[in-house]
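One structure is given here, and the rest of the page talks about it.
Read the figures in this text as sums done on the coordinates, not as results from a lab. All values reported here derive from a predicted model rather than from experimental measurement. Cβ atoms come from the backbone with ideal geometry, glycine included; neighbour counts cover every protein chain shown.
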């Protein structure tokens, strides 16, 4: 599949991340990091891989004037990272905080949310 994606990318086809989110054992958010790493393994630059989850979907949906890039006047939720993903795409996993709907969530709050979700899943399994 990596060779196929590489050939398609070289021919100018644009990709959007997350298009397989309904596949079993693919977890939106978590699996995105894996997908970005696979794009880079297929020959994308880290910048191009990031565009599959930001700019490219906004362009496809005709919303690029409002979404998809970080610019004054645009709507934006964003992830603040501890290290530069352009140097190593795996740095997308090093999340420092998130801004969503104008609200800042530090790493500790995100971890609390994950812990609570895990507890709920464990309770539902009992």
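Considering helices alone, the calculated mean residue ellipticity of the chain at 222 nm is -12500 deg cm²/dmol, with DSSP H runs of length four and up weighted by -39500 (n - 2.57) and normalised per residue. Rounded, prolate or oblate: which one fits segment 71-126, using the alpha carbon gyration tensor with axes a ≥ b ≥ c (rounded when a/c is under 1.5, else prolate when a/b beats b/c, else oblate)? Verdict is oblate for segment 71-126. Here the extension length gained between residue 126 and residue 34 equals 30.1 nm, from 0.36 nm per residue of separation less the Cα-Cα distance.
As a rough footprinting exposure proxy, the listed residues 8, 1 were ranked by other beta carbons within 10 Å of their own, and the order from fewest upward is 1, 8. Taking 0.36 nm per residue of separation and subtracting the Cα-Cα distance, full extension of the segment from residue 90 to residue 13 would add 25.4 nm. Can you tell me the 0 to 90 degree angle between the C-alpha axis of helix 30-41 and the longest principal axis of the chain, rounded to 10? Relative to the chain, helix 30-41 is tipped by roughly 30 degrees.
Summary value for segment 2-125: 17 percent relative contact order, contacts being C-alpha pairs under 8 angstrom separated by 6+ residues. Taking max minus min of the alpha-carbon positions on each principal axis, the chain gives extents of 49, 38, 29 Å, largest first.
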